[in-house]
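Input: a single structure, listed below in structure tokens.
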Amino acid sequence: MTSPPRLPEALTALRDRLADAPLLLATPGRDEAVRAARGVVDQIDDYLLPRLLDLDAPLLTVVGGSTGAGKSTLVNSLVGTPVTTAGVLRPTTRAPVLVCSRADVDSFSGERVLPGLARVTGGDGGPGTVQLVARDDVPPGLALLDAPDVDSVVATNRDLAAQLLAAADLWVFVTTAARYADAVPWDLLRTAQERGTALAVVLDRVPPEAAGEIAADLGGMLERAGLAGARLFVVEEGPLADGLLPESQVGPLRSWLHALAADQEERAAVVRQTLVGALDSLQQRTAVVVGAVEEQAVAADALRAAAAAAYGSARDGVDEGVRSGSLLRGEVLARWQEFVGTGEWMRTLQDRVGRLRDRVAAALTGRPAPVQGLTGALENSVEGLLRAEADRAAERTVTSWRALPGGPALLAGDERELARASADFSEAAGAQVRDWQGTVLDLVREQGADKRTRARLLSWGVSGAGAVVMVAVFAQTGGLLGGEVAVAGGTTAVGQRVLEAVFGDAAVRALAERARDDLRERSDALLRYEQDRFDARVSEAAPGAATADELRSAVSALADARRAA
């Protein structure tokens, strides 16, 4: 039996699956799933793997909260000296500031925690960095991190704040008496509850006369939210001394944090609570991504089906146009009349086949131009049919995609171009029709390979016989009316009688069918190429069939690893 993976290996596998999850189609659940996937990946990288690899590392306490809640002032007051910038301009904190004991600097100077952020010392390093401050007055085992505002007007600050909170062993969440019921703080507190994160809440700037009432109200809200275990600290409003909170206000929180740092068992309990809570939350958070991946797969199937239906109709349209005889109108009909000499052929329809063959031979061997005119007219007519069906299929597909999930985004910027056949389609269609005509001549030569039929065939030319075969391909006259039937159908019947005299009845039918099949294959290939324009866009954005199952397997492997651990 295969042994389950170790927990770090299982986490890494899940992380890789989530990082690679294709969520490019603009489906309804896509944005939420992207955020969920990114959140899990960041927490695995920034917290779960580093903490599992070093369970005895210092307690990382992230101080977070809303704009202007007093986070930086609180951190400075806990340390006893200004270590992070507090001010009235917003956003104030751009690069997070991490304060720790000199004994713990090595735990935070490398990439073990927050590996995507470079460390700087001696000043603000700007975006993408963590300012590392080592202090003798911070006890070993404790680190304080002043995070950007969770509701910052700068999106990168908000994203970084969420990432830092997910990397914390302990959240110290700062809000104010005026804003503790706001939506943003409670969204994050609910996140803490869902992830089982160890939490303390600091209620700042509380009017002294209302401290008891406001604290009781917030306590009730925490209990109803399932956060009754969160420690609540109240900081009353009052004057600052050199920018720091009075000792009477900040002392209880500092004492609690220092006690955690000093008591290895208490510190380990906090770490264990957050670690287990984060691991427990992974299945549910990954399920959001799995659901979105499945939604993407369904949307991709619908988009492909819409394109397939449109181009399937185009193939049917080409087949109907070929079989109906509708191509034997206009220029083709005129060239056909010129080619066979309609009047004479119709008058001699009942004459002996041998005499008809002789007349055809005399007409064909002495008049090459009518053959070329007929084949050219056929080429233009078939190319026009292919182009018309390709344009209709492209327009149908674009129209369908506008109404399907993910479709409008795939069309964005290219809708006008995609709503018609490719720019090189006419050239490609013309080349295919000319190649088809060459194939028909090859079939005629092949059919006339024995000595007797070759002599008869050469007496009136391969090109002439091939032209008659080509017309016979389109001679099911359902698309013609009145005299057109007599002209096209009747003269084709005479030509077919001549061919039957050369090759035999069965052979002529086989020639026409083989020629028709070859033309169908060529038109199908052209339309397949056109459909691929749409299918390729879906394939670039849509997940593979196994992606959702792979994510489920990664979650299952993680559960096995946790049981084994």
- Note on the structure: The simple spin-label model distance between A510 and S539, using points 7 Å out along Cα→Cβ, in nm, is 3.8
- Label V184 and R304 with points 7 Å out from Cα along Cα→Cβ: what is the distance between them in nm? 4.4
- trypsin sites (Lys or Arg not before Pro) restricted to region 1-52 and DSSP loop, no more than 14 other C-beta within 10 Å: R6
- Of all DSSP beta bridges with both partners in region 159-253, the antiparallel percent, nearest 5, is 10
- Item | Residue-span extension gain [S248 to R445] - 0.36 nm each, minus C-alpha spacing | 60.2 nm
- Message: With both bridge residues required to lie in region 165-319, what share of the DSSP beta bridges run antiparallel, to the nearest 5%?
- Response: 10
- Query: What are the radius of gyration and Dmax of region 55-208, computed over its Cα atoms and given in Å?
  - Reply: 14.5, 44
- Item | Residue (of V105, T121, V75) at the positive-pole extreme of region 18-140, dipole from beta-carbon charges | V75
- Message: How far apart, in nanometres, would the label points at T129 and A225 be if each is projected 7 angstrom from Cα along the Cα-to-Cβ direction?
- Response: 3.4
- Note on the structure: Regression test value, accessible area per residue of region 185-328, probe 1.4 Å, units Å², expected 45
- Query: Efficiency by 1/(1 + (r/R0)^6): what FRET value for D280 and D532, r their Cβ-Cβ distance, R0 = 41 Å, to the nearest 0.05?
  - Reply: 0.35
- By accessible area of protein heavy atoms, probe 1.4 Å, what ranking do D159, D391 get, highest first? D159, D391
- Query: For the pair E194 and T81, what calculated FRET efficiency results from E = 1/(1 + (r/R0)^6), where r is the Cβ-Cβ distance and R0 = 41 Å, to the nearest 0.05?
  - Reply: 0.70
- Query: Using alpha carbon coordinates only, what is the Rg to Rh ratio of region 28-138, with Rh defined as the Kirkwood radius?
  - Reply: 1.00
- Message: Calculate the FRET efficiency for D159 and E213 from the Cβ-Cβ distance with a Förster distance of 51 Å, rounded to the nearest 0.05.
- Response: 0.90
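The values are calculated or read from the model by the stated rules, or taken from the named source; none is laboratory data. Keep in mind the model is a prediction, meaning the values are calculated, not measured. Neighbour counts run over all protein chains shown; Cβ positions are idealised from the backbone, glycine included. The area values use the complete protein model at the heavy-atom level, side chains included, leaving out ligands, DNA and RNA. Shrake-Rupley method; radii C 1.70, N 1.55, O 1.52, S 1.80 Å.
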